[in-house]
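Written below as structure tokens is the structure these notes are about.
The values are calculated or read from the model by the stated rules, or taken from the named source; none is laboratory data. Bear in mind that the values here come from a model prediction, so they are computed numbers and not experimental data. Heads up, the Cβs are rebuilt from the backbone with ideal geometry, glycines too, and the neighbour counts pull from every protein chain shown.
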Amino acid sequence: MSKSDELLNQLHRFEVTGLIGLSTAAAAAVAASGPMLPGLYSHNRSVLTLQLDEMVGKRSIIPARAAREMARKLELTMDRLMLELLPIARGFARAPISHYRVGVVGKGKKGDLYFGYNIEFLNVPLSYTVHAEQAIVAQALMRGETSLEAVALFDTPSGLCRQFLNELPSAGNARILTPSRRPVRLRTLLPNFFGPQDLGQAGGLLGSQPWNLQLTGKKPDELSEAALAAARKSYAPYSQSPSGVALQTSSGKIYVGGCAENAAFNPSMSPLQGAIVNLVADHTEYRDIERAVLVEKDGAPASQEGATRNLLSALNPKARLTVLKAR
């Protein structure tokens, strides 16, 4: 039996007996075996990560009850669980340009955990890139989440992501968790901030009221209704240009996203970026997209049509786009 096999068996005995938590078991076994063994923690996938990977499955969102059960079984605090889930969240990332994969985990007000991951796109400007923190919000927005209480990351968020998160209700109180530093509040990382209140806005991203929109023209189909629902949930206080996108794949699945504006304008997310986040969460490929519907407010000063056509054609030139207006 190799030394690696012996260590793994020792870890398994600790886990099965339930005498101590898995994280503690790993530390004890490693200490007893001397230096770290090659391969055991290769690619940041520790024994604990592998255990969590099996418990999470293919989900990018863990309901509060399931998250609490995971923490209980593994004898982890919720903060520690979020940090241990980072390698799994990073597994969703798609980074064909930088090859730098980012994973983050956000905790909603009710305790649901959201995985965030960066998404890069070939053959379009870098400004189309989705940051991992934005991916958290894109999923939370479509699921009716009202705020984020904590975000776990491998390191502190970039300036753009700090600005984007600052749009959330009570964003200054959101806790930022990293493996090597004590938890801090977002406001500590963004002094002298510029946010919604500076432009006279209340509520914030995830805290705004839905838009009262109705489609004009012919009776909508299922995909159009999905895009309309996404537009109603979108966040567009600065341009007053709500918009939503629905993507339908060859299997018939539908993925939606709504625009998410920011007081600084440039960190804003398009509805197609939001829909792509949810498509990636389901491990679906861009080539599977068959149809897309964009719904935007008729006569609005900011239109998503050009950006949607540009990115969609880069993802899948065969995908058909329909643009519908709402009032």
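To keep it simple, each residue is scored yes or no on (1) farther than 21 Å from Val137 by Cβ; (2) modelled with pLDDT under 95.
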residue: Ser4; (1), (2): yes, yes
residue: Gln10; (1), (2): yes, yes
residue: Thr17; (1), (2): yes, yes
residue: Ser33; (1), (2): yes, yes
residue: Tyr41; (1), (2): yes, yes
residue: Glu54; (1), (2): yes, yes
residue: Ala71; (1), (2): yes, no
residue: Tyr114; (1), (2): no, no
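Taking the stated definitions as given, is Thr178 under 23 Å from Ala300 (Cβ atoms), of a type in the set (Val, Ile, Thr) and out of contact with any helix residue (DSSP H, G or I) (no Cβ under 7 Å at 6 or more places or on another chain)?
no
Kindly indicate the residue of the range 43-52 that is part of a helix (DSSP H, G or I) and at pLDDT below 75 and also farthest from Phe154 (Cα to Cα) among those meeting that condition. Let's see the steps before the verdict.
In the first step, residues of the range 43-52 are kept if they are part of a helix (DSSP H, G or I); the result is 43-44, 47-52.
So of that shortlist, the ones also at pLDDT below 75 come out as 43-44.
Values: His43: 14, Asn44: 11 Å.
Filtering first and then ranking leaves His43.
Just one of (1) surrounded by fewer than 20 Cβ atoms within 10 Å (Cβ to Cβ); (2) among the small types (Gly, Ala, Ser); (3) in contact (Cβ under 8 Å) with a residue 60 or more places away in the chain trips up Ser60, so point out which.
(1)
Give me the pairs: first residue in the range 83-107 and within 19 Å of Arg65 (Cβ to Cβ), second residue part of a helix (DSSP H, G or I) and among the polar types (S, T, N, Q), beta-carbon distance under 7 Å, and six or more apart or on different chains, which are they?
Qualifying pairs under 7 Å: Glu84/Thr49; Ile88/Thr49.
Of everything in the range 95-147, what is touching a Gly at 6+ places or on another chain (Cβ under 8 Å) and of a type in the set (Ser, Thr, Tyr)? Give them in sequence order.
Tyr114, Tyr117, Thr146, Ser147
Residues of the range 174-199 being aliphatic (A, V, I, L, M), within 20 Å of Leu85 (Cα to Cα) and in contact (Cβ under 8 Å) with a residue 40 or more places away in the chain, which ones?
Residues of the range 174-199 that are aliphatic (A, V, I, L, M), as a first pass: 174, 176-177, 184, 186, 189-190, 199.
Checking the rest, the ones that are also within 20 Å of Leu85 (Cα to Cα) come to 174, 176-177, 184.
Leu177, the sole residue that qualifies.
Among the listed residues Glu261, Glu167, which satisfies the condition of being within 27 Å of Val104 (Cα to Cα), assigned by TED's automatic domain parsing to the domain that holds Tyr286 and among the acidic types (Asp, Glu)?
Matching residue, one of Glu261, Glu167: Glu261.
Can you name the residue in the range 306-327 that is basic (Lys, Arg) and assigned to a loop (DSSP other than H, G, I, E, B) and, of all such residues, is farthest from Gln214 (Cα to Cα)?
Taking the range 306-327 as the starting set, the residues that turn out to be basic (Lys, Arg) are 309, 318, 320, 325, 327.
With the extra rule that they be assigned to a loop (DSSP other than H, G, I, E, B), the set shrinks to 318, 327.
Working: Lys318: 29, Arg327: 5 Å.
Filtering first and then ranking leaves Lys318.
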